[in-house]
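Worksheet for the structure shown next.
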Amino acid sequence: EVRDTFLKELAKLERTHPQSPDFSVQLNYLQTMLNLPWGVYTTDNLNLKNAEKTLNKDHYGLEKVKERILEYLAVRALTKQSKGPILCLVGPPGVGKTSLAHSVARAIERKFTRVSLGGVRDEAEIRGHRKTYVGAMPGRIITAFKAAGVKNPLMLLDEIDKISSDYKGDTASALLAVLDSEQNSHFVDHYIELPTDLSQVLFIATANDLSTVSKPLLDRMEIIEVSSYTKNEKLHIAKEHLVPKQLEKNGLMAKQLKFSDKALESMIDGYTREAGVRSLEREIAKVCRKAVRQLYHGNGELNEEVKSIRITDKNLKDFLGKVKF
C-alpha cells in the first residue's frame, strides 16, 4: 500500500514543472516518506537477568516499577507477541521517572526517543498538518520515528499532564488514537496520510499530577505510582549515584573529596526538603565547587597545603552555610 502510494506521488512529481510551487511540496513529502523507517526493527534483548541488573545498577529502590517492567519482558519472552503496554509513571518531580525510561530502553536494547508534551496545545503537533498547507510538517510521533530510525523504539511521552487545549483543537483527544492499543496499529498522520503501525512501540508516559489528565486518556494507560524516597534511600542514591556524578562533573578524583555518611544525612535532613533528589544533587554540587576552589589555585595548579578534603557533619556548615530546616 505504501509503495503504491509512493510510486503514484513520484509519477506526479515527474509531471510537475520544477518552477512550480507544488514541486517543492511534493519533493518534501517524498523525502519525508523515504526517511521513515519502513519495516526496520530492532530485536529486544529478553534476558531477564541482564535487564534486572541494568535496572538495579541505574536506580536504587523503585521496586514496583522494576517488577512491572520485568513482568512485561517475561510475558514478551514467553508469548513472542509484540504489542507494547502503555505505562504511565506518576510521581513528584525529581524521583527519576525520565531516567527510568532511559534505563528500560538500555535494559532491553531498544532505541530511545522522547516526545516532550509540556505546553503542546495544538492538535497538529501530534497528528501533523495536511501537506497542502505552506510549511506543513508531520506530527511529533512520526518525527520521533524518524529520529529513532526503527519502527519499535521505546517512546517516552514526557509530562503528559502538561498538555493544554485551546480553540485549535484538543491535544489530549489526538493522543487517544496514539495510546489505544486496539487502534494504534492504524495511526494516520495528516501529513503522511497512510496508516502507520504504532503497536510495536513501547510507550512510557510520565506525569506529576493525574488530576489534570482527561479520563479517557487515563483509561488507556496503566498507572504506576513512583513514590517519594525515604531518608535511607536518598542516602544510598547520594552515595552510589550523585556523589560520583558530581565529582566527575567538577573534575575531582574520589580521593580528593570524601563525604562521610553523617554529612550526607545532615544534608538530607538540614538542607533539602523534597520528594526527589534534585535539590540534594545541587547541594552536593555546591560542596564540590567550594572544594575545587580550596584544592586548586587556578590554571590547574594544585594547592600544596590542602591534599584532600573530608566532609563531615562538623565542617558541613563551612561549605553550605547555616542549616535551613
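The values are calculated or read from the model by the stated rules, or taken from the named source; none is laboratory data. Since the structure is predicted, the reported quantities are computational estimates derived from the model, not experimental observations. Every residue, glycine among them, receives a Cβ derived from its backbone with ideal geometry; neighbour counts consider all protein chains shown. The area values use the complete protein model at the heavy-atom level, side chains included, leaving out ligands, DNA and RNA. Shrake-Rupley method; radii C 1.70, N 1.55, O 1.52, S 1.80 Å.
What to note about this one:
- Condition met for Lys262 (outside any loop (DSSP other than H, G, I, E, B) and farther than 21 Å from Ser227 by Cα): yes
- Index of the failed condition, Gly39 passing every other in (1) among the small types (Gly, Ala, Ser); (2) modelled with pLDDT of 90 or more; (3) within 27 Å of Asn184 (Cβ to Cβ): (2)
- Selected residue (criterion: surrounded by the fewest Cβ atoms within 10 Å (Cβ to Cβ)) from residues of segment 58-72 that are touching a residue at least 12 places away in the same chain (Cβ under 8 Å) and in a helix (DSSP H, G or I): Lys64
- Whichever residue in segment 182-208 is of a type in the set (S, T, N, Q) and modelled with pLDDT under 90 and, among such residues, is nearest to Thr32 (Cα to Cα): Thr196
- Lone unmet requirement of (1) among the β-branched types (Val, Ile, Thr); (2) under 30 Å from Leu62 (Cα atoms); (3) assigned to a helix (DSSP H, G or I) for Thr272: (3)
- Qualifying residue in segment 305-316 (condition: under 30 Å from Val90 (Cβ atoms), free of Cβ contacts under 8 Å to residues at least 12 places away in the same chain and loosely packed, with under 15 Cβ neighbours inside 10 Å): no
- Residue in segment 73-84 that is most open to solvent (accessible area, probe 1.4 Å), counting only those that are under 18 Å from Ile223 (Cα atoms) and over 19 Å from the mean Cα position of the chain (by Cα): Lys83
- All strands (runs of 3 or more DSSP E) inside segment 141-249 with 2 or more residues being of a type in the set (Val, Ile, Thr) and surrounded by 18 or more Cβ atoms within 10 Å (Cβ to Cβ): 202-207
- Within segment 85-120, the set of residues being more than 22 Å from Ile142 (Cβ to Cβ), within 9 Å of the chain's Cα centre (by Cα) and either open to solvent by less than 10 Å² (accessible area, probe 1.4 Å) or small (Gly, Ala, Ser) (or both) comprises Ser99, Leu100.
- Scanning segment 256-298 for residues that are in contact with a Gly (Cβ under 8 Å, 6 or more places away or on another chain) and open to solvent by less than 70 Å² (accessible area, probe 1.4 Å) turns up Glu274, Ala275, Gly276, Val277, Ser279, Val292.
- Residues in segment 121-140 that are surrounded by fewer than 21 Cβ atoms within 10 Å (Cβ to Cβ) and out of contact with any strand residue (DSSP E or B) (no Cβ under 8 Å at 6 or more places or on another chain): 9 in all.
- Listed by first and then second residue, the pairs with beta-carbon distance under 8 Å, at least 6 apart or on different chains, first residue in segment 136-156 and among the basic types (Lys, Arg), second assigned to a helix (DSSP H, G or I) and open to solvent by 10 Å² or more (accessible area, probe 1.4 Å), are Arg140/Glu125; Lys146/Thr32; Lys146/Asn35.
- Counting the residues of segment 7-41 that are open to solvent by 40 Å² or more (accessible area, probe 1.4 Å), out of contact with any Gly (no Cβ under 7 Å at 6 or more places or on another chain) and outside any helix (DSSP H, G or I) gives 6.
- Qualifying positions in segment 121-149 - within 13 Å of Thr32 (Cβ to Cβ) and of a type in the set (Phe, Trp, Tyr): Phe145
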